[in-house]
């Protein structure tokens, strides 16, 4: 619901929110974790997104016994490679999550290459199937 204030329509939520409030609270969490290197924010990110990460890991075809290790490897990749510069290049938490999902896929590929039993689904076209 919005109100008319002068010549502008303003939402009630906007009136209650502080002027410096982050429009995307999840993105604010990514910002504190990555840009400020805040340990509590990293823990909060993992609590918030671990179930999603495990779902992405499951979709790689990783055996149940390998999923927790693969998720941990994905988080490690994300923490290492999603730098403050990359944070500035993304628009919102959805973009940051896409990068985290990419880290899951890369972790699965790395483990498969190392021979740790993670078999990825072959999505390549059949030979001669052009």
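Summary table
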| quantity | calculated |
| --- | --- |
| Scan of the stretch 85-94 for residues that are touching a helix residue (DSSP H, G or I) at 6+ places or on another chain (Cβ under 6 Å) and in a helix (DSSP H, G or I), ordered by number | 87, 93 |
| Residues located in the stretch 50-68, provided they are in a helix (DSSP H, G or I), surrounded by 15 or more Cβ atoms within 10 Å (Cβ to Cβ) and touching a residue at least 40 places away in the same chain (Cβ under 8 Å) | 53, 56, 57, 66 |
| Residue selected from the stretch 21-49 under the condition out of contact with any helix residue (DSSP H, G or I) (no Cβ under 6 Å at 6 or more places or on another chain) and touching a residue at least 24 places away in the same chain (Cβ under 8 Å), by the criterion nearest to residue 85 (Cα to Cα) | 31 |
| Residue 107 vs. criteria free of Cβ contacts under 8 Å to residues at least 12 places away in the same chain, crowded, with 16+ Cβ neighbours inside 10 Å and assigned to a helix (DSSP H, G or I) | no |
| Residue match in the stretch 95-102 (condition: closer than 22 Å to residue 39 by Cβ and assigned to a loop (DSSP other than H, G, I, E, B)) | no |
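Every number here is computed from the coordinates shown, using simple stated rules; none is lab data. All of these numbers come straight from a predicted model, not from anything done at the bench. All Cβ positions, even for glycine, are placed from backbone atoms using ideal geometry, and neighbour counts span all protein chains on display.
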